[in-house]
Amino acid sequence: MDDQISGVVVSVSDPERGTILKAYGDAQRGGSPMTPDVHYRVASVTKTFTAHAVLQLVDQGELSLQDPIEEYVPGLPNGERITIRDLLGMRGGVYDYVNDPAFIDQYAKDPLWPGWKVEDAVDIMKAHADEFRTPDTKTVYSNSEYVLLGLVVEKVTGQPVDTYINNTAGDLGLKETTFPTTRTSLPSPYANGYWYYPPKGTPPKPSCTTDTPSPGSTGASLPRCGRDVTRSNPLVPWTAGAVVSTVPDMTEYAAQLATGVGLKPRTAKLRQDWTSLSNEGIRLQYGLGVMRVGDWVGHDGAIFGYSDMVFYLPSKKATVVVMTNASDAEAVTSTPLWGEIVKELYPGSLPTVG
């Protein structure tokens, strides 16, 4: 809380040591307290659902991991060479549309962004053709790759991807997990999402105050604007970040994700064919729409107003999920807290590279 996070929900589930599900702080600043069952935007954890949808279609023989993206979204640079598997593994070399300066400026000004279409993201990718990398040479995180996979799901199934993913969540028993398509508030109860970080190079608004962190805090002095960004357009992150859920649902889902529930055993194993995302610090790897941090399998997420860590430790069959309702689109504010909990409860589970 010293690092200017409004509220936190923490869940730990361990078959030997027990469980805890507890909320801290405020769901609405100056209003109602945080509760464990609030809905929030899971951000990039959405990618795991998109990947699950694609891999299910592979299991059903509806598409192949070796299919080129050109078959589904024509006109992309390297489109004949970028495969579905490359996209799933963050190895497609596709320019990340969220890095486009004009995109960043507009999204920061108005997260509701009326008029945005998914095709706009593809247009941004194509406009940065000279910034594509050679496919299958390096693992680099890119939201674009998962927007393209959403278009693949729609092309193959003939139905809106939100419908397909909602059905997938239902099949997994995740009753509070949904893929919204309108710019409305979240299902009740919900946590408001706050953005304390102004765009890079932008001074705080005159109404903001700057707080100095308490002794021992890891945070820098940040403007406590508390800009409410609860309402945002889910079509902007779409299949890379639109899903809404609760911490209890994500606690259940973490084990399903890590153990391959809903996929054929061979596909589930293939999903955890890891490649490196970083060459230093804690081991950080990516599979096919799933991440490994140290020994933990799951995914993280950050979007305006929310961040979360949803991870499962196979050796202990334990799950640790942390959600915070303050973030920009890059800072995963739940990460430091999740890391401290994991180090305390499961020492040695976050090995470093080398």
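The values are calculated or read from the model by the stated rules, or taken from the named source; none is laboratory data. Just so it is clear, the model here is predicted, and its values are computed rather than measured. As a convention, Cβ positions derive from the backbone with ideal geometry for all residues, glycine included, and neighbour counts pool all protein chains shown. Only protein heavy atoms, including side chains, enter the accessible area calculation; ligands, DNA and RNA are left aside. Shrake-Rupley method; radii C 1.70, N 1.55, O 1.52, S 1.80 Å.
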Inset, instruction - State log₁₀ I(q)/I(0) for the stretch 96-155 at q = 0.14, 0.22 Å⁻¹ as given by the Debye formula over alpha-carbon point scatterers of equal weight, solvent excluded. - result: -0.44, -1.01
Legend entry - Solvent-accessible area per residue for the chain (1.4 angstrom probe, square angstrom): 42 Å²
Inset, instruction - Can you send over the solvent-accessible area of His39, 1.4 Å probe, protein chains only, in Å² to the nearest 10? - result: 10 Å²
Inset, instruction - Post the alpha-carbon centroid distance, the stretch 159-197 to the stretch 112-134, in whole angstrom. - result: 23 Å
Legend entry - Point-to-point label distance, Ser278-Glu340, nm (Cα→Cβ direction, 7 Å offset): 1.8 nm
Inset, instruction - Run the numbers on the chain and let me know its relative contact order in percent, using alpha-carbon pairs under 8 Å that are six or more apart. - result: 25 percent
Inset, instruction - Could you point to the residue in His39, Pro160, Pro114 farthest towards the positive end of the chain's charge dipole, with +1 and -1 charges on the Cβ of Lys/Arg and Asp/Glu respectively? - result: His39
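Let me know the charge dipole size of the chain about its Cα centre in debye, to the nearest 20, where only the beta-carbon of Lys, Arg (+1) and Asp, Glu (-1) is charged.
So the magnitude is around 440 debye.
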Legend entry - Mean-position separation - Cα centroids, the stretch 227-251 and the stretch 290-354, in angstrom: 17 Å
Inset, instruction - About the Cα centre of the stretch 38-138, how large is the charge dipole given +1 on each Lys and Arg Cβ and -1 on each Asp and Glu Cβ? Please answer in debye to the nearest 20. - result: 380 debye
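Quick one, could you list the DSSP H helices from the chain stretching 27 Å or more along their long axis (Cα atoms) with average Kyte-Doolittle hydropathy of 1.0 or above? Walk me through the intermediate numbers first.
On the way: long enough: none.
None pass (Cα extent of 27 Å or more, hydropathy at least 1.0).
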Inset, instruction - Evaluate 2.2 N^0.38 Å with N set to the residue count of the stretch 125-191, then give the Cα radius of gyration divided by it. - result: 1.48
Inset, instruction - Only helical DSSP H runs with n ≥ 4 go in: add -39500 (n - 2.57) per run for the chain, normalise by residue count and round the 222 nm mean residue ellipticity to 500 deg cm²/dmol. - result: -8000 deg cm²/dmol
Inset, instruction - Using only the alpha carbons of the stretch 235-354, determine the length spanned along each of the three principal axes and report them from longest to shortest in whole angstroms. - result: 33, 33, 28
Legend entry - Accessible surface of Leu270 - all protein chains present, 1.4 Å probe, nearest 10 Å²: 40 Å²
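Would you mind estimating how fast the stretch 85-200 diffuses translationally, via Stokes-Einstein at 25 °C and 0.890 mPa s with the Kirkwood radius over Cα pairs, in µm²/s? Please report the intermediate quantities before stating the final value.
Working: Rh = 16.5 Å.
Roughly 149 µm²/s, to the nearest whole number.
With charges only on Cβ, +1 for K and R and -1 for D and E, what is the dipole size of the stretch 274-354 about its Cα centre, in debye, rounded to 20? Spell out each step's value before the answer.
Details: 5 positive and 8 negative charges, 75 e Å.
Once rounded to the nearest 20, the dipole reads 360 debye.
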Legend entry - Where Rh is the Kirkwood radius over Cα pairs, Rg/Rh for the chain: 0.95
Inset, instruction - For the pairs Lys138/Lys317; Lys47/Lys317; Lys269/Lys316; Lys138/Lys269; Lys22/Lys109, note any where the Cα-Cα span goes beyond 26 Å. - result: Lys138/Lys317; Lys22/Lys109
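Tell me which chymotrypsin sites (Phe, Trp or Tyr not before Pro) from the stretch 132-176 have a DSSP coil assignment and no more than 16 other beta carbons within 10 Å of their own.
Tyr141
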Inset, instruction - Positive end of the charge dipole of the chain (Lys, Arg +1 and Asp, Glu -1 on Cβ, about the Cα centre): tell me which of Leu87, Val290, Val58 has its Cα farthest that way. - result: Val290
